[in-house]
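The values are calculated or read from the model by the stated rules, or taken from the named source; none is laboratory data. Treat the numbers as computed from the prediction; the structure is a model and nothing was measured. As a convention, Cβ positions derive from the backbone with ideal geometry for all residues, glycine included, and neighbour counts pool all protein chains shown. Please note that ligands, DNA and RNA were not included when accessible areas were found on the heavy atoms of the full protein model with its side chains. Shrake-Rupley method; radii C 1.70, N 1.55, O 1.52, S 1.80 Å.
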Amino acid sequence: MSTPQSATILPLQYIKGVGPRRAETLAREGIVTPEDVIWRIPRGYVDRTAAQSIAALMQATRASNLWTGEAEAQHRAVSAEVSLIATIADVRQRTVGKGKTMLTVVVQDGSGVEAQLVFWNQIAYYTKRCRVGAAFVISGVPEYDARWNQLTLHHPELEELDEEDAERYRTGTTLPKYTITQGMRNSGITMRLFRTIVEHCLDIVLPTMHEVLPEAICRSASLMNRTQAIRELHQPTSLEHIQRARFRMKYEELFMFELQLAVRRRTQKAPVNGLKFAAKSRRARMLVESLPFELTVAQRRVIHEIVEDMTSGQPMNRLLQGDVGSGKTIVALLCMLNAIDNGYQAVLMAPTEILAEQHYHGIQRLIRDLDVCVVNLIGAQTKSARRDVLAQIASGEANIIVGTHAVFESEVAYNKLGLIVIDEQHRFGVAQRQKLQQQGRASHDDAPRTPHVLVMSATPIPRTLSMTLYGDLDVSVIDQLPSNRKPIRTTVVADSAIASVFDMIRREIASGRQAYMVYPLVEKSEKVQAKSAIEHAESLQQDVFPDLRIGIVHGQMSWDEKERVMQLFLQREYDILVATTVIEVGIDVPNATIMVIENAERFGLSQLHQLRGRVGRGGDQSYCYLVTKDHMRHAINRSSNAQERAASVVRLRTMEETTDGFAIAEVDLKLRGPGDVLGVRQSGLPEFRFVDLVQDTPVIVRARNDAFALLDHDPQLRKPEHAATREELIRVTEHKSFLGVA
Ligand code: ADP
Ligand code: MG
């Protein structure tokens, strides 16, 4: 065809300095169009005010003794990227170990102190670049080594300053820093060339760009307009403008996201055929009466909220949040019994087989006298067992179905499915949830009816975050532990002081208590973990506690074997249970008061919290010992990665400081980011370019209120002043039909 191509699909190779080969390299990085280029947002900026002197950096880094002082602040201090401007004074290559070469570059900046840059890879490349006398902007995470009184940056990013840059720099111009991958660098795409590419692309793209936010909102929130914001991000005129530009883009991301949630919410709230349960349930009442404890006020409150939903005639979509041990299972079970008394099936879906089996066995124990049929549906079943279970489900004989993802495979035919309970929601996506609900709709022979859905999360997350993540769900929180619980005392212990832990174990066991010892997560493989636990158990038995009874449980054992050992532990046939992380879920022994976790620095925060939650379940004071290497306890710099080391220290410190799951989750979010903590990718949350879900709470709240208000005011965004917003929403949403497009 000979029609002129629109500017926006102009291939990058025609941009000056790029050419076919570099355009190809860029394409491999996912940068194909000029739009792709301008959406590569700078990850930072260099200017006179941002760069620090080596002397000042040394001072700041040295001051951060990891163990004392506020844990989070320390982490920020050691993990923050800095930029410095310095000249190369010396370059040295050294052979270390088996033919491995290390390149050390000494740099100076006139502040009287030197820093060293260390490179392990691409030695030839860096040797060539680092000519003595050349000036660079050096960006990286600094580490202070007390032994040598030395400030080191490992594999920092280097940008050479030529005359022109140096001049710009002197006059105070702020330069954007982009992420330049090794591949780009190899084909000659330097930071400077990339800046030039960006400049060209801005000229192409900005004239076609338009505002997508309603004007009234831009005005009331004093937002910079879109075109200007993009320009400021790439070609800043001041630091303050960068801030405003980022804020604007953040707001836009959140606003468009919340608008989608608002649409989904409206779609759900539109009257559909739900199930109207009666509030009273004979079986639920019988179960409550047979429990050896009283339900907490919080449990009763959430049950009330759930029952309100289930009796409303509208399908429930509710999130039940509660810390480890807050008693979510019993709440879910009572609701399932309500469904059964109303003549419906209930399904409970868990993320792992071990959790599913635990629920299955636990529920069976609880409902023994209630004439309820519980079945288990997991991947590891034999064909014939599975066939039987499927038949029981289809005939309606099964009342409660417990299982993993297997419960929503299409071969499962429910018979009047009334309630879906999903444990550990964050591992399931919105789409999966909807699919299960869809499947449930078809299980009613009279007319399609949408089952109620209750999702349970043990990851306590800040409320604003759950509003964002689960914006289409109502939220109930069990914010109270059963009253018999005492806060667990947690201590970090160095390897060399392990004898004191053994003493403590002895003392507690002498007074009739029991202990867990969790062994390291050294290897990914269950097999190796099991082996290490077995060896530890043997040496404990021989060398430390010859007189005590030690049981062992690990992932290589069958469910029956594990269950048998745990039963024996529960019956106090063992004093100590040595375990791998399999006990993270699925064991409940109130008489156990000590939890020892070895190599604790290797565990994630939420895992530590879950493990610790295995004790402190009875009325007795419980203790948790986090055993770690001596140098961790004293935070001496040894291991090579300052960031990881700092994160480990923060995790251990946090465990010592609090037992509050919400507080722990907040720290975890800061350390790992929501992506990893919440499984963001599966949860249907977009990958935000600008938003930091942890830090940006106020913007989240504002954007949410604005988005929901806009839709209340103009439900299909038909008003002319909302046309651009509508168009953008249509581009991004799945709920096109709601907006009146196919
Ligand atoms: P989670 O919320 O972590 O799933 P569980 O439902 O497994 O917690 O409950 C943890 C333990 O607390 C279980 O042994 C359960 O029987 C017990 N439990 C639940 N509710 C109460 C209560 N109100 N009082 C005392 N113990 C309770
Ligand atoms: Mg649970």
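Computed quantities for the displayed model
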| quantity | calculated |
| --- | --- |
| Whether segment 282-478 is rounded, prolate or oblate, judged on the alpha carbon gyration tensor where a/c under 1.5 counts as rounded | rounded |
| Packing-based order for 563-571, 229-237, 491-499, using average beta carbon neighbours within 10 Å, highest first | 229-237, 563-571, 491-499 |
| Over segment 176-268, relative contact order from alpha-carbon pairs under 8 Å, at least 6 apart, % | 21 |
| Added length on full extension, which subtracts the Cα-Cα distance from 0.36 nm per residue, ARG549 to SER220 | 111.5 nm |
| Label-point separation in nm, GLU163 to SER384, each point 7 Å along Cα→Cβ | 8.9 |
| Length released on extending from SER483 to ALA55, taking residue separation times 0.36 nm less the Cα-Cα span | 148.7 nm |
| Efficiency of FRET from Cβ geometry, ARG731 and GLN150, R₀ 60 Å, rounded to 0.05 | 0.70 |
| Subset of LYS276/LYS486; LYS383/LYS416; LYS328/LYS486 violating a 29 Å alpha-carbon distance limit | LYS276/LYS486 |
| Pair VAL132, THR87: separation of 7 Å Cα→Cβ label points (nm) | 1.3 |
| Length added when fully stretched, GLN716-THR267, from 0.36 nm per residue minus Cα-Cα | 160.5 nm |
| Cβ charges +1 (Lys, Arg) and -1 (Asp, Glu), total dipole of segment 152-257, debye | 380 |
| Efficiency of FRET from Cβ geometry, THR208 and SER558, R₀ 45 Å, rounded to 0.05 | 0.10 |
| Accessible solvent surface per residue of segment 285-400, calculated while the other protein chains remain in place, 1.4 angstrom probe, Å² | 41 |
| Low-density loop cleavage sites - GluC sites (Glu not before Pro) in segment 348-444, where at most 13 other Cβ are within 10 Å (DSSP) | GLU397, GLU409, GLU411 |
| Relative packing of 555-561, 187-193, which averages over residues the other C-beta atoms within 10 Å, highest first | 187-193, 555-561 |
| Rounded FRET efficiency, nearest 0.05, which uses the C-beta distance separating VAL96 from ARG365 and R0 of 60 Å | 0.55 |
